[in-house]
1. Listed residues R27, R3; which is closer than 22 Å to L208 by Cα and either crowded, with 24+ Cβ neighbours inside 10 Å or in contact (Cβ under 8 Å) with a residue 12 or more places away in the chain (or both)?
2. Condition check: in the same structural domain as V14 (by TED's automatic domain parsing) and surrounded by fewer than 16 Cβ atoms within 10 Å (Cβ to Cβ). Does K252 satisfy that?
3. Among the residues of region 118-140, what is the count of those that are touching a helix residue (DSSP H, G or I) at 6+ places or on another chain (Cβ under 9 Å) and either surrounded by 13 or more Cβ atoms within 10 Å (Cβ to Cβ) or among the hydroxyl-bearing types (S, T, Y) (or both)?
4. Being among the hydrophobic types (A, V, I, L, M, F, W, C) and at pLDDT 85 or above is the filter here, so list the residues in region 223-238 that pass it.
5. Here are some conditions: (1) in the same structural domain as L52 (by TED's automatic domain parsing); (2) surrounded by 12 or more Cβ atoms within 10 Å (Cβ to Cβ); (3) within 20 Å of K60 (Cβ to Cβ). E217 meets all but one. Which one does it not meet?
6. Select the strands (runs of 3 or more DSSP E) contained entirely in region 1-93, then report the ones holding at least 1 residues which are touching a Cys at 6+ places or on another chain (Cβ under 9 Å).
7. Being without any contact (Cβ under 8 Å) to a residue 12 or more places away in the chain and not acidic (D, E) is the filter here; which residues of region 149-172 pass it?
Amino acid sequence: MGRAILGRYGNVVVGVLESKDIVSEARRIHGTSPTATALLGRLLTGAALYSLVYRGTRPKLITFEMIMDGPAEHAVAQVKGTRVRGYVKNPEAHAKPVGGKLAVSSIVGKGVLRVIRDGYVSEVPIVSGEVGEDIAHFFYQSEQRRTAVGVGVLVGEYGEVLSAGGFILEVLPDATEEEIAEAEERIRGLSVSGFLKEKSVEDLFSHLTGGKGEVAEVLDYRYECWCSYEEVKRLVVMMREELTEEEKREGKVVARCMFCKREYLIELD
């Protein structure tokens, strides 16, 4: 489970998420390298946080998609309710750490971040490849919302996920200069993965609100795929021209879900 808290203090909205279990499950399923684990984990965390702070009725499905020219090539995170799933096209993409930190931007390169909500599509250029900054850029460019976004994944010596999580601070139009300065001070130098390695998500919410926050909602997110035979068959039919002649002749295809690796024997009509 990944505990998430949504609340506010004054004119600053705060959303926080502890996502270690979510990222660990993604790593187990996809066998990601340490750097790819960090990339996918940050994207999963960011997508869940976006759903948490979504204004109005939450979409039935939210998709975050990074299309890149770096070694990772393509990464996707989806949120449906409190279920999260995702994948990275090249799970073995890796880069030498820089300054003791995983060099996520090195496997991202340039490209676009695409966000889809129930069919509505927005797209912005990737500005840093560190994911958090790219999501904040999306908020500002596509939704005119002033946010600070921090997402982090701490990976151990053997590739295990030691901690993961993130936060979103949104400064509302009526925020005072004092509130803005306080928000900036609380995130200055904050390593969210380092913080959550030692403390709880409740502690993170308290830190970001100076202990003055009002909790509006608490949710538990989890990594869980919602694929089905019907969904996979629909995708296979859409890609029918790419099937081999033998598959077309036999009228059967073994297809694997990209998000959970479950295999389906699809019978073509």
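The values are calculated or read from the model by the stated rules, or taken from the named source; none is laboratory data. Since we're looking at a predicted model, the values are computed, not measured. Every residue, glycine as well, gets a Cβ built from its backbone with ideal geometry; the counts of neighbours run over all protein chains shown.
1. R3
2. For K252, the condition - in the same structural domain as V14 (by TED's automatic domain parsing) and surrounded by fewer than 16 Cβ atoms within 10 Å (Cβ to Cβ) - is not met.
3. 14
4. Scanning region 223-238 gives C225, W226, C227, V232.
5. Answer for E217: the failing condition is (2).
6. Ranges flagged: 83-88.
7. Let us first name the residues in region 149-172 that are without any contact (Cβ under 8 Å) to a residue 12 or more places away in the chain, namely 156-158.
If the condition is that a residue be without any contact (Cβ under 8 Å) to a residue 12 or more places away in the chain and not acidic (D, E), then G156, Y158 are the ones that fit.
A quick yes/no check of all residues on (1) surrounded by fewer than 24 Cβ atoms within 10 Å (Cβ to Cβ); (2) over 29 Å from A216 (Cα atoms); (3) of a type in the set (G, A, S):
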| position | (1), (2), (3) |
| --- | --- |
| G56 | yes, no, yes |
| K60 | yes, no, no |
| A75 | no, yes, yes |
| P91 | yes, yes, no |
